[in-house]
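Here the structure comes first, spelled out in structure tokens, and everything after it is commentary.
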Amino acid sequence: MRPVPMGLAVRSPFGDNSGDNVTFYVRETGDGYQLEDDGSYLPHLVAAGIDIDRGQRRQLLDNILASSGAFWDTETLEIKSRPLTNVSDGAVNFLSALMRVRDLELLTKEVVRSTFREDAIEAISEVLYQTFTIETNAPLSAKFSENPADVVLTPRGGGRKLGVFLVNNPTPFVEAELLHSEIEREGLNHQFGAAALIEDMPKIQMIGSRRFQRAQNRGLPMPVFRGDENAAMFALSRASLRQAA
């Protein structure tokens, strides 16, 4: 840490995609303390042609930041925390948000052109419509409103609601992990569940073997879609019914 005119500059031990250490600032306000980045990362995304003002990227950006108590200023493009009274705890969450938001760069034009989302929702609708009501871009409940799933499956006969994240890059996989962990932490496994529907095997390499192993060991359902679509749909059905009783 070192003092600067606005407060304190904090240099973390974690590097970004360019190899530089991620740095943020602590500023005292009338409501407590606020953490801020240096305002360069989001303009970098915009300059690279990544539209963060709307659509999937806007939703991902908002979800990633909100889960850590942060937001982005649409005028200055700075990432900021909500007012804090405990800087130590807030700094950990804020740094996590700054690291996770780097995954937005992986949403390349090739990924955006993928028909995976449309194909997956179509398959879910065709195979599971008789046993589940199906919603898209919705939270499991008001309790989990900050982490909406791509698809929510609700058993028609009553049972455990399942939030499905459609994974063709690391960001929705992280969102699935976060929701799964939150459900576990709250002890609500009998009411809710989370699953990551992975597009194909190469996407597992993009996610990373260590992260995939950790999620697998912690019980996150992770069916693979391409090449075995119907079996993947039934895997989602089983994931919803697994702890519904």
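Being at pLDDT 85 or above and touching a strand residue (DSSP E or B) at 6+ places or on another chain (Cβ under 9 Å) is the filter here, so list the residues in region 102-127 that pass it.
Listed by number, the residues that qualify are Phe116, Arg117, Ala120, Ile121, Ile124, Ser125.
So which residues in region 156-203 are in contact with a Phe, Trp or Tyr (Cβ under 6 Å, 6 or more places away or on another chain) and within 15 Å of Glu135 (Cα to Cα), if there are any at all?
Lys161
Select, from Asp89, Asp20, Asp73, the only residue that is free of Cβ contacts under 8 Å to residues at least 24 places away in the same chain, surrounded by fewer than 16 Cβ atoms within 10 Å (Cβ to Cβ) and within 20 Å of the chain's Cα centre (by Cα).
Result of the check over Asp89, Asp20, Asp73: Asp73.
Have a look at Leu35, Leu8 and point out the one that is under 29 Å from Ser181 (Cβ atoms) and hydrophobic (A, V, I, L, M, F, W, C).
Answer to the check: Leu35.
Name the residues in region 217-241 that are closer than 27 Å to Asp103 by Cα and loosely packed, with under 12 Cβ neighbours inside 10 Å, would you?
Hits for region 217-241 are Asn217, Arg218, Gly227.
If you take the residues in region 57-73 that are in a helix (DSSP H, G or I) and of a type outside the set (S, T, N, Q), which one is modelled with the lowest pLDDT?
My answer is Arg57.
Give me a count of the residues in region 74-89 that are assigned to a loop (DSSP other than H, G, I, E, B) and more than 14 Å from Val101 (Cβ to Cβ).
7
Checking Lys80 against (1) at pLDDT below 90; (2) touching a Leu at 6+ places or on another chain (Cβ under 8 Å), only one condition comes out false. Which one?
Just one mismatch for Lys80, condition (1).
Here are some conditions: (1) within 20 Å of Arg226 (Cβ to Cβ); (2) of a type in the set (Asp, Glu); (3) at pLDDT 85 or above. Glu135 meets all but one. Which one does it not meet?
In the conditions (1) within 20 Å of Arg226 (Cβ to Cβ); (2) of a type in the set (Asp, Glu); (3) at pLDDT 85 or above, Glu135 misses (1) alone.
Scan the strands (runs of 3 or more DSSP E) fully inside region 122-235 and keep the ones with 3 or more residues being among the β-branched types (Val, Ile, Thr).
In region 122-235, the matching strands (runs of 3 or more DSSP E) lie at 132-138, 149-155.
Scan region 175-202 for residues that are within 26 Å of Asp228 (Cβ to Cβ) and surrounded by fewer than 22 Cβ atoms within 10 Å (Cβ to Cβ) and jot them down.
Glu177, Asp200, Met201, Pro202
Give the number of residues within region 227-245 that are among the basic types (Lys, Arg) and in contact (Cβ under 8 Å) with a residue 60 or more places away in the chain.
1
What are the residues in region 176-218 that are in contact (Cβ under 8 Å) with a residue 40 or more places away in the chain, aliphatic (A, V, I, L, M) and in contact with a His (Cβ under 9 Å, 6 or more places away or on another chain), if any?
Correct list: Ala194, Ala195, Ala215.
It is to be established whether one or more residues within region 21-35 are part of a loop (DSSP other than H, G, I, E, B) and farther than 28 Å from Asn137 by Cβ.
yes
The rows are residues; the columns are (1) outside the structural domain of Leu77 (by TED's automatic domain parsing); (2) under 20 Å from Leu65 (Cβ atoms); (3) of a type in the set (Lys, Arg).
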site: Val22; (1), (2), (3): no, yes, no
site: Arg27; (1), (2), (3): no, yes, yes
site: Gly32; (1), (2), (3): no, yes, no
site: Gly49; (1), (2), (3): no, no, no
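Which numbered condition trips up Leu95, out of (1) over 20 Å from the mean Cα position of the chain (by Cα); (2) closer than 30 Å to Ala195 by Cα; (3) of a type outside the set (Phe, Trp, Tyr); (4) in a helix (DSSP H, G or I)?
(1)
The values are calculated or read from the model by the stated rules, or taken from the named source; none is laboratory data. As the structure is a computational prediction, the values presented were derived from the model and not from experiment. Neighbour counts run over all protein chains shown; Cβ positions are idealised from the backbone, glycine included.
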